[in-house]
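Worksheet for the structure shown next.
The values are calculated or read from the model by the stated rules, or taken from the named source; none is laboratory data. Because the structure is a prediction, the values reported are computed rather than measured. With ideal geometry, Cβ positions are generated from the backbone for all residues, glycine too; neighbour counts draw on all protein chains shown.
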Amino acid sequence: MEKKPCVASLTVKNSYVLPPDTNSYGTLFGGKLMAHIDEVAAIAATRHARKTVVTASTDSVDFLYPVKEGDTIYLEAIVTWTHQTSMEVFVKAVTEHLISGERKVCATAFITMVALDENKKPTTVPGVYPESEEEKMLFAGAERRAEIRKERRKNSWKMANAFGTAFPWNEKTRL
């Protein structure tokens with residue numbers, strides 16, 4: 001499989017922030033922003049792999065600035081690193097006040113997507129190579145981020161197995 005440049009997966013999305021998308025403070029719901037991030041990451045990963053993808057992991061999403069009703073939210077996503085069947089996708093979200101033109105990076109995230117074959121089983125993906133300085137910076141830290149994700153996932157499995165499906169701290173709430 002031939003490697004592809006990071007920029008070949010570049011995906012851009014713009015959306016207005018409308019009243020149903022906002023909380024009681026008039027700012028974009030965090031979950032709505034996370035949905036935008038997941039969607040643009042999935043498109044970038046699909047563009048890279050040319051296969052169906054699913055989300056395997058979302059690294060922390062830090063909300064840096066509020067996104068206000070009436071503003072736009074602009075997202076960019078690129079595949080920054082690949083393993084055998086997985087792809088790390090970097091997403092940058094920018095809020096823009098269209099009248100003043102003021103723009104701020106309001107969130108960044110790393111999403112891990114896994115490519116699936118026609119039987120819904122993980123399948124190999126092409127490698128990726130960075131070209132710009134920013135891509136090289138993201139690529140350089142990707143292996144370490146993957147190690148951290150692997151450890152975090154191990155801990156998540158431990159927690160899931162320890163707690164199960166019931167609420168052990170309150171017998172009355174067991175389902």
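When each of 13, 51, 104 is tested for being out of contact with any helix residue (DSSP H, G or I) (no Cβ under 8 Å at 6 or more places or on another chain), touching a residue at least 40 places away in the same chain (Cβ under 8 Å) and either of a type in the set (Phe, Trp, Tyr) or over 21 Å from residue 149 (Cβ atoms) (or both), the lone residue that passes is 104. Taking every residue in region 150-175 that is over 18 Å from residue 56 (Cα atoms) and pairing it with any residue that is in a helix (DSSP H, G or I) and modelled with pLDDT under 90, at least 6 positions away or on another chain, the pairs with Cβ-Cβ distances below 7 Å are 167/173. Just one of the listed residues (25, 74) is at pLDDT 95 or above, surrounded by 14 or more Cβ atoms within 10 Å (Cβ to Cβ) and either out of contact with any Phe, Trp or Tyr (no Cβ under 6 Å at 6 or more places or on another chain) or assigned to a strand (DSSP E or B) (or both), and it is 74. Comparison of 73, 78 shows that the only residue that is over 30 Å from residue 118 (Cβ atoms) and of a type in the set (A, V, I, L, M) is 73. Filtering region 34-70 to residues that are assigned to a loop (DSSP other than H, G, I, E, B) and of a type outside the set (Gly, Ala, Ser) leaves 50, 51, 59, 61, 64, 65, 66, 67, 69. Kindly check whether there is at least one residue in region 133-148 that is modelled with pLDDT of 95 or more, part of a strand (DSSP E or B) and crowded, with 17+ Cβ neighbours inside 10 Å. Checked against the condition, which is being modelled with pLDDT of 95 or more, part of a strand (DSSP E or B) and crowded, with 17+ Cβ neighbours inside 10 Å, region 133-148 yields no hits at all.
The set of residues from region 77-86 being buried (at least 24 other Cβ atoms within 10 Å of the Cβ) and touching a Ser or Thr at 6+ places or on another chain (Cβ under 7 Å) comprises 77, 78, 79.
Inspection of region 98-114 finds no residue satisfying the criterion of being among the small types (Gly, Ala, Ser), over 30 Å from residue 67 (Cβ atoms) and in a loop (DSSP other than H, G, I, E, B). Out of the residues in region 106-132 that are under 15 Å from the mean Cα position of the chain (by Cα) and farther than 19 Å from residue 47 by Cβ, state the one that is surrounded by the fewest Cβ atoms within 10 Å (Cβ to Cβ). Once the filter is applied, the top-ranked residue is 108.
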